[in-house]
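> This is the structure I have questions about; it appears just below.
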Amino acid sequence: MGRAPIDMDKLVLDLVLNDNIDDKKKIAKKITDIAYKKGVYLSSINEFYLARGKGLTPANFTVPAINLRVLTYDLAKAIFRCAKINNAGAFIFEIAKSEMAYTNQPALEYTAVVLAAAVKEGWQGPVFVQGDHFQANAKAYKEDPEKELNSLKDLIVHAIEAGFYNIDIDSSTLVDLSKPTIRKQQEANYEVCAQLTNFIRKIQPRGIEVSVGGEIGEVGHQNSTPEDLKAFMEGYNDRLRKGRCGISKISIQTGTSHGGVVLPDGTIAKVKLDFDTLKNLSGIARLTYGLAGAVQHGASTLPAEAFGKFPEVETAEVHLATEFQNMVYESKHFPKELKEGMYDWIKKNLAAELKADQTEEQFIYSARKKALGPFKKNIMGLPAQTRGEIAKEIEAKFEFLFEKLNVKDTKELVSKHTVLKRVISRKREVGKKIEISAEGAD
């Protein structure tokens, strides 16, 4: 008798609904092993981005980096379906340090769920999973720099062990505009970014060069300038260990804010994005420093007409998160009782976060992301058909983004500049850690 077919849907539910971390690890490993056998490889986008920086690829497309806070399995499947239809390979799944906490999605779970979605949809080739906003806390860093750096290093270790071979370091929170020169303003930023890059290079799996991103302007603050970029890159390169690969892209501020600016009625204000700054800095990053270009954060709530501009100004990457969460909440298929229960929980448990100048609508909008973790089991416990209907609505948005960002027919280009590696955790000790290495694809 042959083996019973693998029920990937059941494996995912077992993983997501299980609270025992040891059980999660076993299920995640099982999914990862299945994925490798099916030709699905967690990969780094580093070589592809550096090829873009060298002019070996076109610059007229923008890679969508998509944060999945809720219904991760169902939405990841929708993304892979969209990618197959469009023959696209240039897209990233990501989750921020903060999102992992409030959505209750540890790194190993997030990676395994994305891989399960790839297998379920018959995807083959590289899959890019990224740690977004691995952010230094300015107050904590000021009080105890070493402690804050060690906290970030611990996060990086766990992320890489989970298959996050793409990491965006966000030390832009340490930029100090009170300093007399731009170089001094960026000093703590580039020093921390370089230290963490050196650390990543030290612990990354042998055979894989993790893609690292830096950031020069904190989203929601003043727009970035060429002088900011130059000061950061010069300081960063001075502190990068000789012979080591540096960052592959740079995040900048051009006028957006995470989640959008919420009006009193709960709707989102229109944002005027500075595309000239985006074009100018992306060009400098590529032509002067060999990076893929500039990265745009906080973009998912922008008006539809804005997205076609990103490839026009040769933006390397755009981060998209809040709109997909919003679409889940507002879906006609999302149970009204569940939504009301989540809102009641927010009012009861997060009342202390209500600001004096906020309406209730503004408060609910800004806080509802924090209900996703406590209600994760309720949401994933919805009938598969219900979850599928919600994902189908959002799939149309993915299709729109793939078209506007011009990533159609990028699969062969990505494959050309991405070496597939299977990562193996060795059992022998190297110093104080288990050695991790990578072997070429079969």
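The values are calculated or read from the model by the stated rules, or taken from the named source; none is laboratory data. Being a predicted model, the structure only gives us computed values, none of them experimental. Virtual Cβ from ideal backbone geometry, glycine too; neighbours counted across all protein chains shown.
> Identify all residues within the stretch 1-39 that are more than 26 Å from LEU372 (Cβ to Cβ) and not in a helix (DSSP H, G or I); write none if there are none.
Of everything in the stretch 1-39, those that are more than 26 Å from LEU372 (Cβ to Cβ) and not in a helix (DSSP H, G or I) turn out to be MET1, GLY2, ARG3, ALA4, PRO5, ILE6, LYS38, GLY39.
> Additional query: Which condition breaks for ALA117 when tested against (1) within 25 Å of ASN223 (Cβ to Cβ); (2) modelled with pLDDT of 95 or more; (3) small (Gly, Ala, Ser)?
Looking at each condition in turn, ALA117 falls short on (1).
> Would a scan of the stretch 202-210 turn up a residue that is at pLDDT 95 or above and in contact with a Gly (Cβ under 9 Å, 6 or more places away or on another chain)?
Within the stretch 202-210, none of the residues are at pLDDT 95 or above and in contact with a Gly (Cβ under 9 Å, 6 or more places away or on another chain).
> From the list GLU323, GLU337, which residue is among the charged types (D, E, K, R), outside any loop (DSSP other than H, G, I, E, B) and at pLDDT below 95?
On inspection, the qualifying residue turns out to be GLU323.
> Kindly indicate which of ILE346, ILE390 is in contact with a Phe, Trp or Tyr (Cβ under 7 Å, 6 or more places away or on another chain), over 28 Å from ASP154 (Cα atoms) and crowded, with 18+ Cβ neighbours inside 10 Å.
ILE390
> Okay, moving on. Spot the failing condition for LEU56; the list is (1) part of a helix (DSSP H, G or I); (2) surrounded by fewer than 24 Cβ atoms within 10 Å (Cβ to Cβ); (3) touching a residue at least 12 places away in the same chain (Cβ under 8 Å); (4) out of contact with any helix residue (DSSP H, G or I) (no Cβ under 7 Å at 6 or more places or on another chain), and only one is missed.
That leaves (1) as the condition not met.
> Can you find, within the stretch 70-108, the residue that is nearest to GLY388 (Cα to Cα) among those that are surrounded by fewer than 21 Cβ atoms within 10 Å (Cβ to Cβ) and of a type in the set (Ser, Thr, Tyr)?
Per the criteria, the residue is TYR102.
> Kindly indicate whether any position in the stretch 375-382 is modelled with pLDDT of 95 or more, within 23 Å of LEU50 (Cα to Cα), basic (Lys, Arg) and assigned to a helix (DSSP H, G or I).
No, that holds for no residue.
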